[in-house]
Amino acid sequence: MLPEVLVVWLTVEELEGRVGAQVRARRLRANRTVEDVAAEAGVAAKTVQNLEHGRGSTVSTLIKVLRALDAESWLETLAPEEPVSPIAVLEASRRRTERQRARRSDG
């Protein structure tokens, strides 16, 4: 018998807060100021602060800030590439090349 798994869904705001906290931790580990990162990212310091505090931000801002922190590779942890199954490729190829015959109409 499988153990019961409790799935807890976080709100969007909670997830934004977690992402922001991770960005802030990276900035602090790099010993960089908000102003320094903002200038390099080409955004306002307030924008970086909003990102770090989970107060709504854009993906574009996240990417710019991560690049300024030399942490763009962090994005790979969000959706790592999955290996492609050779069998799946073959099956997809077969489906594309199969021809369908037109049906004759009677009459």
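List of remarks:
- Taking first residues from region 42-68 that are in contact (Cβ under 8 Å) with a residue 40 or more places away in the chain and partners that are not in a helix (DSSP H, G or I) and not small (G, A, S), the Cβ contacts under 8 Å between residues at least 6 apart in sequence or on separate chains come to V65/V43.
- Screening S57 with (1) of a type outside the set (A, V, I, L, M); (2) under 14 Å from the mean Cα position of the chain (by Cα); (3) assigned to a helix (DSSP H, G or I) gives one miss only, at (3).
- Count - residues of region 30-54 that are part of a helix (DSSP H, G or I) and of a type in the set (G, A, S): 4
- Residues located in region 54-73, provided they are loosely packed, with under 15 Cβ neighbours inside 10 Å and closer than 22 Å to E13 by Cα: R55, G56, T58, V59, S60, I63
- Number of the exception - R27 against (1) in contact (Cβ under 8 Å) with a residue 40 or more places away in the chain; (2) outside any helix (DSSP H, G or I): (2)
- Qualifying residue in region 67-77 (condition: at pLDDT 95 or above and over 16 Å from the mean Cα position of the chain (by Cα)): yes
- Residue match in region 81-98 (condition: assigned to a helix (DSSP H, G or I), of a type in the set (D, E) and at pLDDT 90 or above): no
- Residues (modelled with pLDDT of 95 or more and of a type in the set (K, R)) located in region 30-66: R32, K46, K64
The values are calculated or read from the model by the stated rules, or taken from the named source; none is laboratory data. What you see is a predicted model, and the numbers here were worked out from it, not measured in a lab. No Cβ is skipped: glycine too gets one built from the backbone with ideal geometry, and neighbour counts run over all protein chains shown.
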